[in-house]
Every structure is written in C-alpha cells, then in structure tokens.
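Reading through the structure tokens given below for one structure.
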Amino acid sequence: MLTTPPATGSTTVELDGVSYLAESIAKGAAYQLFSDSPAAGFEPNPQLGLPYRRVVHASEVELIAGPAPATTDLPMRVPLSRAMSWISAHRLSQSRSSANSPTLRHMRDSVTIDRGTRMVKILSARQLSGFLRGWLPMGFCHREYDIAHLRTPADLAVLSTDGRVESTAEVIFALRWRAAGPEDYAIPYSSAMPGLIDIPPHERVGAPVLGTGFAPSNQHLVPEFVTADMADIPLSAHAELVAFTADGAEVLLYHYLAEQRAWGRLAGKQWRHLWVDVDGVAAEQEYFPVPAAPTTLYGLVKDNPLEAVYDHPDGFMLLAKVRALRQPVAKPARRSPTVIWRDVRCMVVRDGDEWIRVRLIQPNPDALSDLGATCVERGVYEAWAPAGEITERPDHWVPYDL
C-alpha cells in the first residue's frame, strides 16, 4: 500500500500488488515509481522527493489514478502460457535458429510502426557530432515505446550501434524523431537480410545481428528495426538530440529547426560537462546548420514537386523558410538516389565529381570483398566508388500511403 499519501492530481500505479506514486515517462510508455523504503529493483533517488525510485515499462504496471497514457503505440503481444514463459520468450528472441519460428514471428510482427511513431537511435559521442553536421537517421533503430524504461547508459549501451559506448559511461546520447510512415522501416529478419547475418565477426561493429528482429540482450526483450534498404531517412520536424545520464536524467540537448535546416541548442550551462567527449563540438555553440543531403522528401503543390517535411501531427508540409507559408503537400514521397557499381546496387550517401560515397543495400561477405566496403556502424557498410565506374544512377522513390 502507499506509505505516503499521493498529492492531488498525482499518478498512482500498481506493481506486483503494491501501489506506488509514479511519474509518466515518454507519454506513458513507462513510469518512474517512488518509494520511501527499499524494495526489489528500487535504487536511491538522487532527486528531491521519496528516497527510492524504479523505472518500469507501462506493460508491467496497472494504472490506478492519473491521466491515461498519451502514447498510441501498442505493446508487443507475447503468447505466454505454461509452455511459454517470459524466460522462454526471451530465449527464443536470442536464438538465430528460432528466427523462422511461428511463435517468434507472431510475437515480433505485433510490434508495428505507424505515421507519427516516436523512433529512437542510440548514439555515441562520435555519432552525436555526426548528426550535428548533417547525418540522417539510418540503420538500426527502435520505437521509443519499447525502450522507454531504459534510462541510463548501463541500460542503453547494449543498443549502441558503433561499439564505442561502455555500460559504465557517465552519459549516452540518442536521436529521437517521428516516423513519416512504416514504408521507411523493415524488420531485420534473417530471411530478409541473409547476407548481413553471415558477415564474420571481424567485419562488423557492435553487437551481432541475430536475424530474429530482436536486439541481443541478456536481460531485455527489445524489438529492433532498420531503415528500409539501409537508406537515410529525412529528419522530421522537431527531431531531438538528447542525453541520458548515469543517474537516469534525460537532457534535451538540441532541437531540429526544419525551416532553418539547423540544430538549435537547448541545454543550459549546467549540462556543459556532457560534451567532454564530443570531438569538434563546443558546448556553448548554439546553432548547427545542416547541409543538404542526397535523400530528400518531396510533395506536390499545384502539381509542382517541392521539398517537404513531415511535421507531426500536421502531416506532410511544404518546407518553407517561413513557417507561416507552409501548406500541406500531395503525394509525398522519399527520393533516395542509388547507383550500380560493379553490378551491385548501392545507396548514395555523398555525391562528388570524382568519388561517390555509397552504402550497401544488402550487405554480404561477397559484396564487402568486391567493393572493399567497411563497417561504419552496426549493419551499415560503406565504400568510396570512383565515379567513372558507375554504370547506372537510378533514383529510388518511396511513396507514403496517405
């Protein structure tokens, strides 16, 4: 039972038959529970209030009092029974031999992305610097709903994609954005990406790809996605770069200003120590212009194709320099330029006169050898292609279903 009376308008949840004061996280995807006495799973609370706290996923508790969760994401459906315990489900998710199991597929396919779903990509300090200089979301990522209860570097390091984040780190970073649609994402099943599963350990960065659609983890059951065709995804309006500290605090560092094509700093002076390992980025710099990228979102305005941006909840809007001039666009679609190089189709990352930076759409050991591609982060392989060796330059268009 509650040992401290809840304040007016507070949230109360029940976990394992005990009621706790709670605070909603990620629009109700998780809750931070508070207690005035030690309990299993609770840690000392470094902030003001009750001395102990614990963060749990919304699916683990029952809401007793407080506002209903604002998230529209649906939890994963796990067919628990006497024959299928939670431990058995976790073991299934970590076994490559189970990738085609009907039970695992039913469980994994229940996790879906809709237009507006909040997505997260865990970053190292190096990757944070890269996104401030114009990188776009690509490769492995997750729904915020599925990892909202993981709040510290110790919890999130397992989801890092470049192998440079230790669980003992004082800070870990993340990119958070809104999905423009399910068309931009795929589940990394072994049947869909067989070559990626076969790449030897010395040719990869980060954790192995299991092919089950779940991230490798000894403790958590985390569904993972990849961007479709390993392509860059245009940033949505109001995307965020955030930091998670060792004491569980979430710090909003930068906010994406779509009209200005730039990142604007939001974190105050008290957080400048978070940038100590971020090379080439001064903590006091407030504005980072983002250069144009090959991947672009377009829409029709009076039958004219113009650059657009996805802005939740308004939808696909004309990317105007002045927000007041924006208007909805018709037939939105993502343009991702591709090339054929040595009979391999690749995504264009950076286009130049003499050399073109390309990314493998279907990484496999043979393509790595033929193209000399190297792993830049988990599952993502790139190389420099001489422009003179490019035989074709087809554009890849992905329309969004409205």
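Points worth noting:
- Selected residue (only one of Ala39, Ala89 is under 20 Å from Asp146 (Cβ atoms) and either in contact with a helix residue (DSSP H, G or I) (Cβ under 9 Å, 6 or more places away or on another chain) or aliphatic (A, V, I, L, M) (or both)): Ala89
- Among (1) buried (at least 16 other Cβ atoms within 10 Å of the Cβ); (2) of a type in the set (Val, Ile, Thr); (3) in contact with a helix residue (DSSP H, G or I) (Cβ under 9 Å, 6 or more places away or on another chain), the one test that Val242 misses: (3)
- In segment 192-214, the residues that are in a helix (DSSP H, G or I) reach residues that are among the hydrophobic types (A, V, I, L, M, F, W, C) with C-beta atoms within less than 8 angstrom, at least six apart or across chains, in these pairs: Gly195/Ala367; Leu196/Val209; Ile197/Val209; Ile197/Leu210; Glu203/Leu368; Glu203/Cys375.
- Of the residues making up segment 302-319, those that are out of contact with any Leu (no Cβ under 9 Å at 6 or more places or on another chain) and touching a residue at least 12 places away in the same chain (Cβ under 8 Å) are Asp311, His312, Pro313, Asp314, Met317.
- Test: residue in segment 373-391 that is over 28 Å from the mean Cα position of the chain (by Cα) and assigned to a loop (DSSP other than H, G, I, E, B): no
- Among residues that are among the hydrophobic types (A, V, I, L, M, F, W, C), assigned to a loop (DSSP other than H, G, I, E, B) and under 25 Å from His142 (Cα atoms), Leu50 is not included.
- Residue in segment 172-188 that is in a loop (DSSP other than H, G, I, E, B), of a type in the set (D, E, K, R) and crowded, with 20+ Cβ neighbours inside 10 Å present: no
Table: residues versus (1) surrounded by 15 or more Cβ atoms within 10 Å (Cβ to Cβ); (2) among the charged types (D, E, K, R); (3) not assigned by TED's automatic domain parsing to the domain that holds Ser160.
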residue	(1), (2), (3)
Leu74	no, no, yes
Met84	no, no, yes
Ala99	yes, no, no
Arg108	yes, yes, no
Ile113	yes, no, no
Thr117	yes, no, no
Ala125	yes, no, no
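- Considering the conditions (1) out of contact with any Lys or Arg (no Cβ under 8 Å at 6 or more places or on another chain); (2) in contact (Cβ under 8 Å) with a residue 60 or more places away in the chain, Leu80 is excluded by exactly one of them, (2).
- Residue check for Pro332: in a loop (DSSP other than H, G, I, E, B) and touching a Gly at 6+ places or on another chain (Cβ under 8 Å): no
- Top-ranked residue in segment 280-306 [being more than 27 Å from Val242 (Cα to Cα), assigned to a strand (DSSP E or B) and not aromatic (Phe, Trp, Tyr); ranked as nearest to the chain's Cα centre (by Cα)]: Gly299
- The single residue among Gly134, Gly130 that is small (Gly, Ala, Ser), more than 13 Å from Ile233 (Cα to Cα) and either outside any loop (DSSP other than H, G, I, E, B) or not assigned by TED's automatic domain parsing to the domain that holds Glu43 (or both) turns out to be Gly130.
- Residue that is at positive phi and not charged (D, E, K, R), where the choices are Gly352, Gly379: Gly379
The values are calculated or read from the model by the stated rules, or taken from the named source; none is laboratory data. Nothing here was measured: the structure is a model prediction, and the numbers come from that model. Cβ coordinates were reconstructed from backbone atoms using ideal geometry, including for glycine residues, and neighbour counts include every protein chain displayed.
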